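Novice: Mind having a look at this structure? Questions to follow.
The numbers here are math on the coordinates, done by the rules we state, and not lab data. Keep in mind that what you see is a predicted model, and the values were worked out from it rather than measured. Glycine also receives a Cβ, built like all others from the backbone with ideal geometry; neighbour counts cover every protein chain displayed.
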Amino acid sequence: MSPINHFAGQARELMRRDTTWPFLVTRRRPVDVSKDIILYLEELNVSFDGFKALNNLNLYVNDGELRCLIGANGAGKTTLMDVITGKTACDSGSAWFGQNIDLLAHDEAEIAGLGIGRKFQKPTVFEAHTVFDNLELSLRGYRGVWRALTAKLSGPERDRIEEVLSVIGLEDARYQSAGALSHGQKQWLEIGMLLAAEPRLLLVDEPVAGMTAEETERTAELLISLAGKHTVIVVEHDMEFVRSIARTVTVLHQGAVLAEGTMDQVQNNRDVIEVYLGEDA
Amino acid sequence: MSVLNSLAQASSRLLAAMRQPGRGTSWLVGILLVVTLAMSAANLLLPADSPFYVSTYTITLMGKYLCFAMLAMAVDIVWGYCGILSLGHGAFFALGGYGMGMYLMRQIGDRGVYGNPDLPDFMVFLNWQELPWYWFGMDQFWFAIFMALLVPGTLAFVFGWLAFRSRVTGVYLSIMTQALTYALMLAFFRNEMGFGGNNGLTDFKDILGFDLQADATRVALLLVTTFLVVLTFLASRTIVQSRLGRVIVAVRDAEARTRFLGYRTEHYKVWLFVYSALIAAVAGMLYVPQVGIINPGEFSPLNSIEVVVWVAVGGRGTLYGAIVGALLVNYAKTRFTALMPDAWLFALGALFVIVTVYLPRGLAGLFGRATELMYRRPDTGKDKTTRDDGLSVAEVGA
């Protein structure tokens with residue numbers, strides 16, 4: 001293409017009347033889910049030193065859905081979360097949050113501000129702070145340095161923290177330091193921190209790892225109750241757990257989607273059996 | 001017996017009071033103010049042969065210790081609260097000191113050895129004909145103060161912005177801060193820089209028209225230093241107890257978590273680093289008129305590392321710990337170097353090792369545990385607010 005053509009193309013792009021200039025669009029805006037799909041991931045490719053962590057991955061997630069991602073180690077589950085939350089840049093492909101937000105153009109902090117919360121595989125809470133303070137820091141709101149200096153908890157914010165405390169069942173531990181909580185309680189606290197931020201999309205990495213059976217059951221209830229108001233994507237190895245919560249399951253294999261459907265459909269899928277159960281049998 | 005008992009009770013009540021948020025602060029501030037005021041009065045009002053007379057040497061020594069305490073607090077704010085181990089805070093201290101030194105140099109006027117009204121002695125000696133551009137305006141007190149804050153502040157901002165935006169952390173960052181202060185030391189050693197080379201700036205006569213050798217000026221400097229230590233202490237306490245302070249501790253403990261909650265952790269780190277550098281610069285500004293000299297030795301990496309030892313001894317993550325640590329270690333240094341000058345570095349090294357191994361929370365941690373033991377109450381309802389690890393003391397005692 002000659003430089004003139006290139007310039008003309010750019011000028012035409014600039015003159016388009018159906019879109020706004022990118023630099024005029026506010027960075028923080030509500031996500032548009034008018035087509036009922038909250039996450040569009042198309043042709044994603046990520047490679048680390050030649051290893052293809054994501055290989056032409058395509059995934060669509062409906063608004064308000066509870067989606068489970070399963071797959072062996074190295075299937076690309078965590079990399080996928082890293083791409084969505086802006087931690088890892090992808091080599092090619094596109095990732096859109098609703099109709100209007102290009103996730104690849106934002107960094108971690110902005111993506112969190114747009115309403116995508118993430119729970120880490122290893123429970124990560126602020127151990128030196130109390131449970132209450134952990135939730136306070138997670139509350140939805142401005143994250144600037146100067147605002148933080150003068151921030152005071154308002155009544156509604158206090159109510160919100162109480163509400164989250166009762167959802168995650170840590171009312172009695174509110175003044176305990178988070179470092180003194182049990183492993184399962186830390187997992188809940190981290191989920192509570194995501195809730196306090198009132199996200200649209202929750203990415204939950206192995207929420208029941210290291211939990212007792214009873215705790216697992218309560219976590220399942222919690223996640224099911226969250227779906228609808230929030231969209232929840234759960235990565236989990238525990239098949240019993242996945243069966244107990246999942247409506248739609250996506251199986252990842254070598255960085256691409258292998259199968260998608262209900263748990264029964266997936267378990268009877270020939271590819272899945274070949275890749276998964278075939279090894280066992 | 002009853003006297004002992006009541007004494008024990010009183011002391012445990014005192015310790016308990018110091019554990020309440022903010023109370024420990026008032027105690028520290030109170031003690032600092034009372035001690036320095038009493039010292040000042042004893043110096044100015046009592047005759048020199050009175051047993052309670054405090055010599056001007058002691059006054060100046062105390063002023064110097066307090067400058068170090070302020071520097072320690074600056075390091076503690078970034079290291080103890082935010083986990084940024086800066087081994088180069090001496091650079092900001094020295095830059096502040098040079099700002100003040102330039103002002104004091106210009107105040108000498110024609111009373112220098114060469115009697116040149118415009119040029120400081122070392123410039124005359126180097127055959128310089130006129131004042132370099134960056135010395136202009138430094139004869140104005142307000143301008144010198146402004147520059148002594150602007151330059152370290154800008155340096156901290158640029159350095160922090162580059163380092164934190166590229167997500168340099170841990171030991172790499174420490175090495176970079178070390179390199180920063182070392183590079184500045186080499187630069188300031190050069191005569192062409194126009195800051196007096198390895199002799200630095202010295203032979204000051206007066207500050208704001210007051211004779212620097214006079215007792216009253218020395219006392220006033222001590223009081224100003226105390227006042228500014230208290231002021232920066234209160235400001236820092238406000239910061240670490242605000243939500244900003246909680247975010248900073250969160251960055252220290254789980255930076256990725258903080259970032260995925262939507263905080264721009266690099267912004268928090270940069271501004272905290274700048275704030276800390278400004279405190280270090282103020283400490284340097286107060287230090288120079290009291291010790292009467294500033295030279296490139298202040299940039300030496302060893303100095304900055306020593307500050308870290310003070311903070312470690314006092315207890316990082318507590319503001320009062322940093323102050324107490326700086327005062328104690330420097331007092332020990334004065335005593336030790338008088339007795340056995342060669343042994344001091346070994347003693348300092350041993351101190352650092354012992355503190356790191358046996359007292360990871362420093363004296364403040366020890367203190368916190370002692371108060372906890374003395375003040376443990378059977379009903380646990382209220383004790384829930386305290387934590388079992390030393391970090392609790394960080395916040396409670398801040």
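Novice: Work out the length of the dipole vector of segment B:12-396 about its Cα centre, built from +1 on the beta-carbon of each Lys and Arg and -1 on the beta-carbon of each Asp and Glu, and round it to the nearest 20 debye.
Specialist: Working: 29 positive and 24 negative charges, 374 e Å.
That gives a dipole near 1800 debye.
Novice: Continuing with this model, one more query. Taking the Cβ-Cβ separation of B:LEU126 and B:LYS205 as r and a Förster radius of 25 Å, what is the calculated FRET efficiency to the nearest 0.05? Mind showing how you got there, number by number?
Specialist: Working: r = 21 Å, r/R0 = 0.84.
E between B:LEU126 and B:LYS205, to the nearest 0.05, is 0.75.
Novice: If one takes the longest principal axis of the Cα atoms in chain B, at what angle in degrees, from 0 to 90 and to the nearest 10, does the Cα axis of helix B:243-253 lie?
Specialist: 80
Novice: Another question about this same structure. Explain nothing, just compute: Karplus ³J(HN,Hα) = 6.51 cos²θ - 1.76 cosθ + 1.60, θ = phi - 60°, for every residue of segment B:182-193 in order, whole Hz, x for Gly and Pro.
Specialist: Result, rounded to whole Hz: 5, 4, 5, 4, 4, 5, 6, 5, 7, 5, 5, 4.
Novice: Any idea what the alpha-carbon Rg over 2.2 N^0.38 Å comes to for chain B? Mind dumping the intermediate values first?
Specialist: Numbers: Rg = 22.3 Å, N = 398, 2.2 N^0.38 = 21.4 Å.
In units of the globular-protein estimate, chain B measures up at 1.04.
Novice: Say each of A:GLU43 and B:LEU339 gets a label point 7 Å from the Cα, pointing the same way as Cα to Cβ; how far apart are those two points in nm?
Specialist: With each label point 7 Å from Cα toward Cβ, the separation is 7.7 nm.
Novice: So what is the relative contact order for segment A:151-276, in percent, with contacts set as C-alpha pairs under 8 Å and at least six apart?
Specialist: The value is 17 percent.
Novice: Farthest toward the dipole's positive end in segment B:12-396, which of B:LEU95, B:GLY80, B:VAL29, given Cβ charges of +1 (Lys, Arg) and -1 (Asp, Glu) about the Cα centre?
Specialist: B:GLY80
Novice: While we're here: If one takes the longest principal axis of the Cα atoms in chain B, at what angle in degrees, from 0 to 90 and to the nearest 10, does the Cα axis of helix B:2-19 lie?
Specialist: 70
Novice: Next up: Compute a Gaussian network model of chain B, connecting alpha carbons closer than 10 Å, and tell me which residue from B:LEU32, B:LEU278, B:LEU339 fluctuates the most.
Specialist: Looking only at B:LEU32, B:LEU278, B:LEU339, the largest GNM fluctuation is found for B:LEU339.
Novice: Cut-off under 18 Å on the C-alpha distance; same-chain residues fewer than 8 positions from A:LYS35 excluded. Which aspartates and glutamates are left, in chain and number order?
Specialist: Filter leaves A:ASP63, A:GLU65, A:ASP102.
Novice: Tell me, what HN-Hα J-couplings in whole Hz come from the Karplus equation 6.51 cos²θ - 1.76 cosθ + 1.60 at θ = phi - 60° for each residue of segment B:334-349, using x for Gly and Pro?
Specialist: 4, 5, 5, 5, 6, 7, 9, x, 6, 7, 4, 4, 5, 4, 4, x
Novice: Then there's this: Please give the length that would be gained between A:SER94 and A:LEU24 if that part of the chain were fully extended, namely 0.36 nm times their separation in residues minus their C-alpha to C-alpha distance (nm, one decimal). Write out the running numbers ahead of the final one.
Specialist: On the way: separation 70, 0.36 × 70 = 25.20 nm, distance 2.13 nm.
Stretched fully, the A:SER94-A:LEU24 segment lengthens by 23.1 nm.
Novice: Tell me, what are the semi-axes, in whole angstrom and largest first, of the equivalent ellipsoid of segment B:227-282 as set by the roots of 5 times the Cα gyration tensor eigenvalues?
Specialist: Details: eigenvalues 117, 29, 10 Å².
Largest first, segment B:227-282 gives 24, 12, 7 Å.
Novice: What is the average number of partner chain Cβ atoms found within 10 Å of a Cβ in B:237-245? List each step's numbers first, then the result.
Specialist: Working: counts 0, 1, 2, 0, 0, 5, 12, 8, 2.
Mean inter-chain Cβ contacts per residue within 10 Å come to 3.
Novice: Please list the non-local residues whose amide H lies under 5 Å from the amide H of A:ALA53, H modeled 1.01 Å from N, same-chain partners needing a gap of 5 or more.
Specialist: A:VAL46, A:SER47, A:PHE48
Novice: Fewest first, what order do A:CYS90, B:CYS82 take by the number of other Cβ atoms within 10 Å? Show your work: numbers first, answer last.
Specialist: Values: A:CYS90 22, B:CYS82 26.
Least crowded to most crowded, the residues run A:CYS90, B:CYS82.
Novice: Please determine, in degrees from 0 to 90 and to the nearest 10, the orientation of helix B:23-45 with respect to the longest principal axis defined by the Cα atoms of chain B, where the helix direction is its Cα long axis.
Specialist: The angle comes out at about 40 degrees.
Novice: Of A:LYS186/A:LYS229; A:LYS152/B:LYS64; A:LYS119/A:LYS152; B:LYS205/B:LYS333; A:LYS52/A:LYS229; A:LYS119/B:LYS269, which pairs sit farther than 30 Å apart, going by alpha carbon to alpha carbon?
Specialist: On the way: A:LYS186/A:LYS229 23 Å; A:LYS152/B:LYS64 38 Å; A:LYS119/A:LYS152 26 Å; B:LYS205/B:LYS333 28 Å; A:LYS52/A:LYS229 34 Å; A:LYS119/B:LYS269 23 Å.
The pairs that break the limit, which is 30 Å between Cα atoms, are A:LYS152/B:LYS64; A:LYS52/A:LYS229.
Novice: If you average the sequence gap of Cα pairs under 8 Å that are 6 or more apart and divide by the length of segment B:170-218, what percent do you get for the contact order? Walk me through the intermediate numbers first.
Specialist: Details: 22 pairs, mean separation 7.2, N = 49.
Once divided by the residue count of segment B:170-218, the mean separation gives 15 percent.
Novice: Okay, moving on. Over 10 Å intervals from 0, what percent of Cα-Cα pairs in the protein assembly as shown sits in each interval?
Specialist: 3, 13, 20, 20, 16, 13, 9, 5, 1, 0, 0
Novice: Would you work out which of B:PHE210, B:LEU222, B:THR258 lies farthest towards the positive end of the dipole of segment B:185-264, given +1 charges on the beta-carbon of Lys and Arg and -1 on that of Asp and Glu, about the Cα centre?
Specialist: Highest projection toward the positive end goes to B:THR258.
Novice: What is the set of long-range amide H partners of A:ALA259 at a cut-off below 5 Å, with H atoms built 1.01 Å from backbone N?
Specialist: Here A:VAL251 satisfy the definition.
Novice: Which one, B:PRO152, B:ASN127, B:MET138, projects farthest toward the positive side of the charge dipole computed for segment B:99-229 from Cβ point charges (K/R +1, D/E -1)?
Specialist: The Cα lying farthest towards the positive end belongs to B:PRO152.
Novice: Follow-up. Can you list, largest first and rounded to whole Å, the semi-axes you get for chain A by taking the square root of 5 times each eigenvalue of its Cα gyration tensor?
Specialist: Details: eigenvalues 214, 166, 49 Å².
Each semi-axis is √(5λ); the values are 33, 29, 16 Å.
Novice: For A:LEU39, what residues show an amide H to amide H distance below 5 Å, using hydrogens built from the backbone and excluding near sequence neighbours?
Specialist: Result for A:LEU39 returns A:VAL61, A:GLY98.
Novice: Now for a different question. Please report the relative contact order for chain B, taking Cα pairs under 8 Å with a sequence separation of at least 6, and give it as a percent rounded to a whole number. Before the final figure, lay out the partial values.
Specialist: Numbers: 581 pairs, mean separation 119.4, N = 398.
Computed over chain B, the figure is 30 percent.
Novice: Can you work out ³J(HN,Hα) from phi for every residue in segment A:47-54, in order, using Karplus 6.51 cos²θ - 1.76 cosθ + 1.60 and θ = phi - 60°, giving whole Hz and x for Gly and Pro?
Specialist: 9, 10, 6, x, 7, 7, 6, 10
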